[in-house]
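Q: Can you read through this structure? Questions will come right after.
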Amino acid sequence: MRTEIETRARPGLVLGLACAAQAMVGLDTAIVNVAVPSIQRELGVDAGVVQWVVVAYGLLLGGFLLVGGRMTDQVGRRRVFLAGVVVFTVASFVAGAAPHVGLLIAARGVQGFGAALIAPAALSLLAVTFPDGRERVRALGIFGAIGGVAGSFGVVVGGLLAAGPGWRWSFFLNVPVGVVFVVIALTFLVPDPPRDRDTRLDLRGATVVTGGLLLLVYSLHHGSVLTWVAALGLLGLFAWIEARSAHPLVPLSAWRNRALAPAFLTFCALLGFIFLGSLLMQQELGYSPATTGVAWLATTATIFVAAMGGARLAARVPVRALLVTGLTLTVVAALWLTRATPDSAYVTGLLPAFLLAGVGFGLCGPAIQISALTGVSRSEAGLVSGLVETMREVGGAAGVALVATVLVSGSGFPWAFGLVAAVAALGVLTTVLGRTSS
């Protein structure tokens, strides 16, 4: 028997709203990555400071996703989604209007917190709106496809904005979009039922895991031995608290989801590849931000086509096969770019790898979402969504940090792309051994 949200909400509209919200969250990371040089020049700050415009967003997003997912189950999907969109929209306006880098960094952190509420709420809305089976597989496949395209498309949009109206429009564009989301959600999403007063958020667990994840993401970017020890210590304390809690933030059963490890490695490889591809074109081949964006269109278009095809194939082909195929293509694409030189031509030196990566990323996106949420109960849909999104953010941060470390060490792009290939290959191995659900 379908629930109230399934019978009164329009499934197609819920799917469109959830996908658009996920795209906004994903686009914002990639757009700002491309805009960083322009921000640095206009605000007159050094590279060590301006990178916090990127780090602050990922830090708060990665740190609060688990809490956002659990709140979605306990407070209400519509309430949490609306709160996230409002916070994200207001912070976007402040970021765009910021007169100095300090306010910009603070606004980016608040944006990240809003995104940490939006992402699990949007995915959870799909999980409870579409019944388990072919309909849910198709909806989750499309959602995963949009998520895979968003990061890549952000490179294109970021390059065009940086070369056109300027970096501030990377943030201002979110404002009218956010207003539209609020109007649609208030008009068409079914109001949440009254909150169960007997249900309590595990505040101890939530505080400890958020602190641990914040330090973990920070450590991936700027970590010292002390911050790594503190991050691992807090996450260990969280495991101890959860094992003894009568109402754990993350029940043990949620950690048994076999999609989590492949998701981490997939997003680690994906974000590392996108980060390196953008830097390779601008720093090694001398492309402008606008040219970089246009050159990346091949990957963006390929991701979209492959992801939509993957969403349909998921109803007929085991999800594990899609993940293995996608990650294998990513390995080949990354190895191809280990051969790139400053004299490489786009058509022969870059394009084949970009197309292979596009197909690989396109197949992985839907497969991750479907494998994680297939068979998940309504009461844990938000939590599992938060776990998947945490793997996305922490994995992505790890991927960028790893390849950036290789570049800073002076090893160069070949070694950095070789590391991406190794991570993707480990993802293949983990998927096969873990027998990700199909």
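Q: Hey, can you tell me all the residues within region 384-414 that are over 21 Å from Y218 (Cβ atoms), open to solvent by 50 Å² or more (accessible area, probe 1.4 Å) and without any contact (Cβ under 8 Å) to a residue 60 or more places away in the chain? Walk me through it before giving the result.
A: The first filter runs over region 384-414 and keeps only residues over 21 Å from Y218 (Cβ atoms), leaving 384-385, 388, 410-414.
Now narrow it down to the ones that are open to solvent by 50 Å² or more (accessible area, probe 1.4 Å): 410-411, 414.
G410, S411 - these are the residues of region 384-414 that are over 21 Å from Y218 (Cβ atoms), open to solvent by 50 Å² or more (accessible area, probe 1.4 Å) and without any contact (Cβ under 8 Å) to a residue 60 or more places away in the chain.
Q: When you scan region 92-140, how many residues do you find that are more than 18 Å from M391 (Cβ to Cβ), modelled with pLDDT under 90, surrounded by 24 or more Cβ atoms within 10 Å (Cβ to Cβ) and among the small types (G, A, S)?
A: Qualifying residue count, region 92-140: 1.
Q: While we're looking at this one, here's another question. Considering (1) under 22 Å from the mean Cα position of the chain (by Cα); (2) part of a helix (DSSP H, G or I); (3) within 27 Å of T390 (Cβ to Cβ); (4) aliphatic (A, V, I, L, M), say which one V305 fails and leave the rest.
A: It fails just one condition, (3).
Q: Then there's this: Tell me, which residue of region 183-208 that is part of a helix (DSSP H, G or I) and hydrophobic (A, V, I, L, M, F, W, C) is modelled with the lowest pLDDT?
A: The initial filter retains those residues of region 183-208 that are part of a helix (DSSP H, G or I), namely 183-188, 203-208.
Now restrict to residues that are hydrophobic (A, V, I, L, M, F, W, C): 183-186, 188, 203, 206, 208.
Values: V183: 94, I184: 92, A185: 91, L186: 91, F188: 86, L203: 71, A206: 77, V208: 85.
Within region 183-208, the match that is modelled with the lowest pLDDT is L203.
Q: Let me confirm something: among A422, A397, A404, which residue is modelled with pLDDT under 80, hydrophobic (A, V, I, L, M, F, W, C) and in a helix (DSSP H, G or I)?
A: Details: A422 fails: modelled with pLDDT under 80; A404 fails: modelled with pLDDT under 80.
Only one candidate passes the filter, namely A397.
Q: Given the conditions (1) among the hydrophobic types (A, V, I, L, M, F, W, C); (2) in contact with a Phe, Trp or Tyr (Cβ under 7 Å, 6 or more places away or on another chain); (3) without any contact (Cβ under 8 Å) to a residue 40 or more places away in the chain, and given that A91 satisfies all but one, which numbered condition is not satisfied?
A: Every listed condition holds for A91 apart from (2).
Q: So in region 209-252, with the set limited to residues that are open to solvent by less than 60 Å² (accessible area, probe 1.4 Å) and over 20 Å from G395 (Cα atoms), which one is modelled with the highest pLDDT?
A: Going through the qualifying residues, I end up with I241.
Q: Which of the residues spanning region 307-357 are touching a Ser or Thr at 6+ places or on another chain (Cβ under 7 Å) and either closer than 18 Å to L276 by Cα or open to solvent by less than 60 Å² (accessible area, probe 1.4 Å) (or both)?
A: First pass over region 307-357, keeping only residues touching a Ser or Thr at 6+ places or on another chain (Cβ under 7 Å): 318-320, 323-324, 327, 350, 354-355, 357.
Hits for region 307-357 are V319, L323, V324, L327, L350, F354, L355, A357.
The values are calculated or read from the model by the stated rules, or taken from the named source; none is laboratory data. Given the structure is predicted, the values throughout are model-derived calculations rather than measurements. Because the Cβ atoms are built from the backbone with ideal geometry, glycine has one as well, and the counts that use them run over all protein chains shown. Each accessible area value is taken on the protein alone, full model and side chains, heavy atoms only, with ligands, DNA and RNA left out. Shrake-Rupley method; radii C 1.70, N 1.55, O 1.52, S 1.80 Å.
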